[in-house]
Amino acid sequence: MSSGIPDDHKHARRRRLQASARVRARRVELALDRSRARAAQAIGPNPQSVAAHRQAVATARRALAELDAEGRVFTRRDTGARVVLRDTQATSKSSKGASARGDRYEVECLTHQSDPLFFDDATAATRAARHSDTWCEACRQLAATPHTVRDRARKVLAPAKPEIRYTPPEPRLRFDPPAA
């Protein structure tokens, strides 16, 4: 024991300092490895990873085209009306009623079977799908009715739920013999 500090405290402190130095050295090595890997990738990417990335992008585009061909269905919360937005160029066959201008997006009210509208811009088509009360007469009438009337009609048109009633058992006196 020198300078008033016990030897076991000195050894413990030395081990802690060595361990933290090893951790710092390991972190520096990892950072250096990461920077080397980024530099190597910037110089020349691995052709196999590039091919795999291109394949993944092509697969994602095909999946997105299939979803666009089926159409995206919008449901209005207040009325429950369902409107579909389709990309007409995603399918091989042309959509019915598309104009000669080459309108790309078709919006149709599924609930009321209205005639479809066609748009060139995806933003305008999405806006029309979300606000079907501006172009579908039946949706406009539904949106104009008060919420209470719609709720009442929904309750009337909803299928009747079977009524389940609880019938309590007949009361028995405490000292009666059990029924056989």
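The values are calculated or read from the model by the stated rules, or taken from the named source; none is laboratory data. What you see is a predicted model, and the numbers here were worked out from it, not measured in a lab. No Cβ is skipped: glycine too gets one built from the backbone with ideal geometry, and neighbour counts run over all protein chains shown.
If I filter region 68-91 down to residues being in contact with a strand residue (DSSP E or B) (Cβ under 7 Å, 6 or more places away or on another chain) and in a loop (DSSP other than H, G, I, E, B), which single residue comes out as modelled with the lowest pLDDT?
71
Here are the criteria: (1) in a helix (DSSP H, G or I); (2) within 12 Å of residue 79 (Cβ to Cβ); (3) modelled with pLDDT of 85 or more. Tell me which single one residue 112 does not satisfy.
Here residue 112 clears every test but (1).
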